[in-house]
Structure formats: C-alpha cells, structure tokens
Amino acid sequence: MTNETFRWLSSLRAPVLLPASAGPFSCPKLAGSRGAWYLRAQVSGGDCFFYTEDFSCISEVKHLPDTLSDADWRDEVRDDRHGFYLRVRERDGNVLLSVSGDGRAWMDFERDRADHPECGTVYEGDYYPALPCGEYIRAQKPEDGDADRDRAIFDIRDFGAVPDRHFLCTESIQAAIDAASDVSGTVLVRGGRFMAGTLYLKSGVTLFVDRDAQLVASRQRSRLTDAFIIARDAEDVTVTGGGVIDGSGEYFVHLPLRRPLLTPLGKTKVPPVLYDNMGYPVDTIRYAYRSRIRYVSDPYGNGDGVFQRPMYFVWFRNCRNVRVNNIILRDACDWSLALDGCTGADVSDTVIDDNRHVANTDGIDIMASEDVTIRHCFISSADDGICVKAPKIHEHDGEDIEDAGGTMRPTRRVFISDCTVSSVMNGFKIGTETYYDISDITVENCRFLLPDIAPGMVSGISIESCDGSNVENVTVRNIRMEQVVCPVFIQLNRRNKFGFASEEDRRVRENGGSIRHIRIEGIDSVDAELPSVVTGFSDGEGITRRVEDITLSGLLVRYRDNIADLNPQPHTAENVDQYPESNALGDVPASALFVRHADNVKIQDFKAWPRTGEKRETVCTEDVRGILQR
C-alpha cells in the first residue's frame with residue numbers, strides 16, 4: 001500500500017454510502033467513467049443513480065454518461081487511480097462500500113454505531129488513577145522472543161485495515177489472521193486505533209499489538225459473538241506487543257444509580273439479614289458498592305430493560321500452550337481474560353485496566369484448566385481480580401455461548417505470583433462456580449488494594465465451594481492488603497447452581513462438596529473493616545458439612561478506626577444455599593476471626609489491632625473440632 005493510497009483510504013468518510021432510511025436499497029452496482037464513479041441501486045422497484053469522485057461527497061444524478069453500458073455495472077471494480085479494488089453490496093437495506101488491495105481481503109467501511117451511546121460516560125473513580133504501566137509494559141519488536149527471526153509478519157494495514165475510531169476493520173484483520181495461520185506468522189497491529197467485531201485467533205498465530213496501537217471492540221452487540229477475541233481449539237497462540245486491546249465495556253451496561261464513592265464511609269455496617277442482592281438497608285457497605293455498579297439488568301426497577309453483551313472479552317477455549325504477555329487489556333465488556341479448558345498457559349507482564357464499576361468484569365478467570373501460571377500482572381477490575389473456577393456449563397449474567405454444553409473438567413495446578421490487584425470485589429478467589437474439583441493452587445507474593453474509592457475491596461482472599469466441588473491443596477502466602485474490608489473468607493455451602501446430571505450426581509453433591517488442606521500464611525492487612533471468616537454449614541435439619549485442615553499462620557490485621565455499627569442476631573446466618581460473600585452473614589461474634597463448623601484448624605501467630613472501643617473477642621470459634629491456637 002502506497003502512502004498516497006493509505007492517506008486516501010484514511011480520509012474516506014462514507015462507510016454507509018446510502019443509508020436505509022433513504023431507501024431501503026437493493027441490488028447496488030458500481031461503474032466508472034472518466035475518473036468518476038457512479039452507483040446504481042434499486043429503490044421502490046426502480047433504479048436511482050448517484051455520482052462521486054472520491055466518495056467523500058455523493059450526489060444523486062438523473063443522467064448518466066453515454067459511455068456507460070449495461071456491461072459496465074458490476075459488484076466489484078478496480079480503481080486504477082488509486083490501485084485498489086472497490087466493492088458495493090447491500091446489508092439491511094443499506095448500500096455499503098468495501099475496498100481491497102488485491103481483490104481478496106476486503107475492508108468494509110461500516111461505521112461503528114453504539115447500541116447505547118449514552119452509556120459511555122466515565123466518572124472519576126471508575127478507573128484506577130495511577131496505572132503503573134511502566135513497571136509491566138515494555139517496548140518490543142514483532143520478532144522479539146521468536147526462535148525463528150524470519151517469522152512472517154502480516155500487517156493488518158496491508159489487508160485494508162484503516163486506523164479510524166469510526167469504522168470497522170473486522171474483515172481485513174481476520175484476513176490477516178487467516179493468512180498468518182497458514183505459516184504460523186505474526187499479525188501486526190500498528191499505527192493507530194482499529195475497531196472490529198469478533199476476531200478469531202488460530203493455531204500458531206501471534207497477535208502483536210504495538211505500543212502505538214489500539215485494537216478496539218465494536219460497541220454494537222450484533223458485531224460480537226461470545227467474545228471480542230476468541231481462540232478456540234488452538235495451539236501455540238500468543239497475544240503480546242505492548243499495545244492496548246479495548247473492550248468498549250461501558251457501552252453494554254446501564255449507567256449506575258450512584259457515581260463512584262471517593263471518600264470513606266463514616267461507619268462499617270453490614271445487612272443484619274441479607275434481604276436481597278443489593279444489601280439493603282441503604283446505609284450498609286454492601287449497598288454502597290452495589291449501587292455504584294453498572295449492570296446489564298435493571299436492579300432498581302426503572303424500566304430500563306436488559307442489555308445484551310458478550311460473555312467474555314478475550315477468551316481462550318480448549319487451547320494448548322497459550323501465552324499472554326506485555327499487553328494492556330482495557331475496559332472489558334465482561335470477564336476480561338478467560339482461560340477456559342486450557343492446558344499450559346502463561347500470563348505475565350500484563351495490565352488489565354477495567355472500569356471498576358462494570359458488573360462481572362473479572363480480571364483473569366481460570367476454569368477447567370491445568371498447568372497455568374500467572375506472573376507479574378497488574379489488575380484493576382470491578383469484579384474478582386484473579387478467579388479460579390470449575391463450572392459445569394458456560395453461563396452467567398443471563399448470557400449463554402455457542403458451545404455452552406461443551407465438555408468441562410476440574411481445574412488444577414495453578415501458580416500465581418507477584419501480582420497487584422485493585423478490585424471492588426475479591427483480590428484472589430476460588431469460586432463461586434464450583435461444580436468440578438479444584439486442587440493444587442498456589443498464590444504468593446501479591447498485593448491487594450483499593451486505595452482511592454470506597455468502600456474497600458470486599459475480600460482479599462476468598463475460597464468457596466458451593467456447587468459440589470472438592471477444593472483442596474491451596475496455599476496462599478506473603479500477601480499485602482490495603483483497604484481490604486475482609487482479609488480472609490472461606491465458606492462451604494450447597495447453593496447447587498448447576499443442578500445435577502443424574503441421581504448418582506445428586507447423591508454425591510446435593511449436600512455440598514468440601515474445602516480441605518488450605519494453608520494461608522504471611523498476610524499483612526491494613527485498614528480492614530470486617531473479621532475474617534472460616535465456615536462450613538449446618539442446615540438445621542441434621543446436615544452439617546465442615547471445612548477441614550485449615551492453617552492460618554502469621555496473619556497481621558490492623559483495623560480502620562471508624563465506627564462499627566453492629567446489629568448482632570441471635571444466631572449467625574449459615575447462608576446454606578445462597579451466594580457466598582463476606583458481608584452476607586450479618587455481624588459475627590468475633591472482631592477479627594470467626595471459625596465455625598470446622599475440623600483440625602491451626603491458628604498461629606495471629607495478631608489483630610481492633611478499632612477503638614471494640615468489645616467482641618478477637619477470635620471466636622463455634623462447633624470446631626481439633627483447634628490449635630498459639
């Protein structure tokens with residue numbers, strides 16, 4: 001592509017040559033004569049004609065040059081002046097223009113039109129204000145790190161992609177990916193902001209988004225399938241380059257009821273009983289953060305309806321040897337980076353910069369996967385920062401995916417280290433989708449914080465089994481927490497979201513799975529507000545399930561010296577079949593650690609600095625068999 005041609009393409013401002021509102025149109029054709037172009041389209045059963053020289057201005061004409069014959073009207077023609085092919089076609093009654101350098105890879109000049117443009121508003125506090133990209137992102141060349149320095153590079157601009165915030169380049173970028181997959185090449189995104197619908201990565205392909213580039217998701221739901229970037233049943237796939245992949249997340253959710261809270265609450269209060277998901281009454285910390293979330297649904301009954309969005313932002317499904325590094329993932333439309341059914345995945349030097357109030361935007365989700373390493377990442381998200389799951393099917397938030405019934409499996413051998421998480425919800429979490437087993441999980445040398453908006457992060461470490469999963473062999477160590485409301489939350493219950501596959505499955509799972517062999521050590525938490533909780537459940541009908549072999553060692557917890565508005569109930573809620581969360585149990589009888597329905601618990605070197613005037617015991621146990629405390 002010559003510079004002159006590139007400038008010409010970049011200057012085009014006519015993605016929809018003829019909008020359907022003026023038609024609708026059908027059977028469009030192009031013809032050229034003496035350096036000008038003519039367009040013919042049918043409307044109301046008859047032909048109408050239009051004239052243009054450079055497609056920046058199109059006007060209707062009544063008479064055509066005598067030099068044009070019926071044979072000159074075509075779907076595709078060559079523009080000899082610019083050395084490009086042109087194509088017109090009808091879509092939904094509109095007449096659309098496409099261009100191509102070789103007549104094979106086409107660029108559709110379709111304007112991206114947000115379904116909900118009013119929802120793109122960003123408020124102070126939505127994004128982390130001091131993103132440390134310089135500590136994680138570096139300058140990189142497309143050939144860096146490849147054993148074969150002759151690896152073929154496929155520049156998306158050579159396939160017709162144009163950097164413009166208004167037009168979609170889906171077909172051009174996908175053509176570059178398809179070409180690269182034939183030779184295990186690198187797809188280069190460089191030199192501006194490129195918008196697209198869903199893109200499908202393939203085996204052997206490296207997606208390289210350079211530091212001067214952004215790859216941006218369409219704001220139209222119809223342009224996206226299950227995710228913006230999808231790799232399915234692929235091997236040896238890499239996403240890298242130092243640039244930005246943007247999910248346009250705000251455009252798929254309603255504006256919040258309230259703007260972000262920039263100053264701390266004067267008191268800490270939890271719902272005495274969880275009446276509903278919002279966490280009424282309105283002066284609780286649960287309501288404080290949930291009323292600031294942007295939902296796809298209408299939780300306030302305003303008649304706004306339910307929006308639709310993709311279930312994932314970047315999604316690797318049933319892949320092997322996945323590598324994500326030196327990349328910024330921004331403004332996810334839902335789960336940010338999903339490793340789903342993958343074997344062998346390495347995520348490092350990655351920044352996730354989400355709107356911290358777009359519902360369900362987890363940072364990294366690891367499910368049905370094994371041999372996964374997450375190293376040196378910075379994650380700012382609305383929902384859980386790093387989340388390990390093992391669901392039965394793909395479903396959440398009312399969204400479903402094309403292969404929702406695809407095979408799922410246990411999650412195991414996950415190693416997470418040297419990560420910083422700023423999340424409204426949980427820094428590290430196992431759950432809540434926990435149908436298959438989860439085992440051999442290690443998290444170490446991480447930092448969890450929420451320094452600039454209130455209330456603080458819901459929980460730092462949350463380990464849950466609520467759908468029948470056996471969660472075991474989990475080690476979390478050397479964690480620094482700042483403004484995390486509840487440092488540690490461990491709960492076993494029997495929500496059973498997914499139901500049962502058979503009567504035998506019901507027999508095994510209906511009364512809950514298990515949580516055992518958990519070791520948490522070296523935790524330093526500042527400005528906590530709620531006690532840590534470790535609990536199984538008793539349903540009051542003779543069924544009790546216990547967490548087992550839990551070690552808490554070297555926990556240092558300093559509480560924020562604000563007011564604790566306590567409303568203790570006669571019995572602390574069991575939360576047998578509800579969504580597990582640290583602020584959903586009401587007030588517990590301990591100020592720093594409550595342990596219930598547990599066997600073989602070790603509490604070593606546990607120190608807490610409570611609020612002024614705190615009268616509850618520091619550590620309180622209930623129905624615990626075999627406890628060692630020193």
| request: Test each condition in (1) in a loop (DSSP other than H, G, I, E, B); (2) at pLDDT below 95 for Ser222 and report the one that comes out false. | output: (1)
| Residue identified as farther than 30 Å from Arg611 by Cβ, touching a residue at least 24 places away in the same chain (Cβ under 8 Å) and not basic (Lys, Arg) among Leu329, Leu257, Leu265, Leu261 | Leu329
| message | Restricting to the range 592-630, name every residue that is closer than 20 Å to Gly536 by Cβ, surrounded by 19 or more Cβ atoms within 10 Å (Cβ to Cβ) and small (Gly, Ala, Ser). | response | Ala592, Ala598
| field | strands (runs of 3 or more DSSP E) wholly inside the range 342-450 that include at least 2 residues being modelled with pLDDT of 95 or more and in contact with a Phe, Trp or Tyr (Cβ under 8 Å, 6 or more places away or on another chain) | value | 343-353, 370-375, 378-381, 386-390, 411-417, 420-423, 426-434, 438-449
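Okay, residues lined up against (1) of a type outside the set (Asp, Glu); (2) closer than 19 Å to Leu593 by Cα:
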site	(1), (2)
Ser422	yes, no
Glu433	no, no
Asp437	no, no
Glu444	no, no
Ala454	yes, no
Ile461	yes, yes
Val474	yes, no
Ile479	yes, yes
Ile490	yes, yes
| task | Considering only the range 436-469, state which residues are open to solvent by 10 Å² or more (accessible area, probe 1.4 Å), farther than 21 Å from Tyr123 by Cβ and either in contact (Cβ under 8 Å) with a residue 60 or more places away in the chain or among the hydroxyl-bearing types (Ser, Thr, Tyr) (or both). | result | Tyr436, Asp437, Ser439, Thr442
| remark: Apart from one, (1) hydroxyl-bearing (Ser, Thr, Tyr); (2) open to solvent by less than 10 Å² (accessible area, probe 1.4 Å); (3) touching a residue at least 40 places away in the same chain (Cβ under 8 Å) all hold for Ser291; the odd one out is (3)
| With Ile293, Ile245, Ile327 as the choices, which residue is farther than 25 Å from Asp178 by Cβ and among the β-branched types (Val, Ile, Thr)? | Ile293
| Close pairs from the range 580-602: first on the phi > 0 side of the Ramachandran plot and at pLDDT below 95, partner part of a loop (DSSP other than H, G, I, E, B) and surrounded by 22 or more Cβ atoms within 10 Å (Cβ to Cβ), Cβ under 9 Å, at least 6 apart | Gly586/Val270; Gly586/Pro271
| said: For the range 143-175, give me the residue count where each residue is at pLDDT 90 or above, aliphatic (A, V, I, L, M), within 17 Å of Trp106 (Cβ to Cβ) and in contact with a Leu (Cβ under 8 Å, 6 or more places away or on another chain). | reply: 2
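The values are calculated or read from the model by the stated rules, or taken from the named source; none is laboratory data. All values derive from a computational prediction rather than experimental measurement. A quick note on method: Cβ atoms are made from the backbone with ideal geometry, for glycine too, and the neighbour counts reach across all protein chains shown. Protein only, heavy atoms only, side chains kept; ligands, DNA and RNA dropped before computing areas. Shrake-Rupley method; radii C 1.70, N 1.55, O 1.52, S 1.80 Å.
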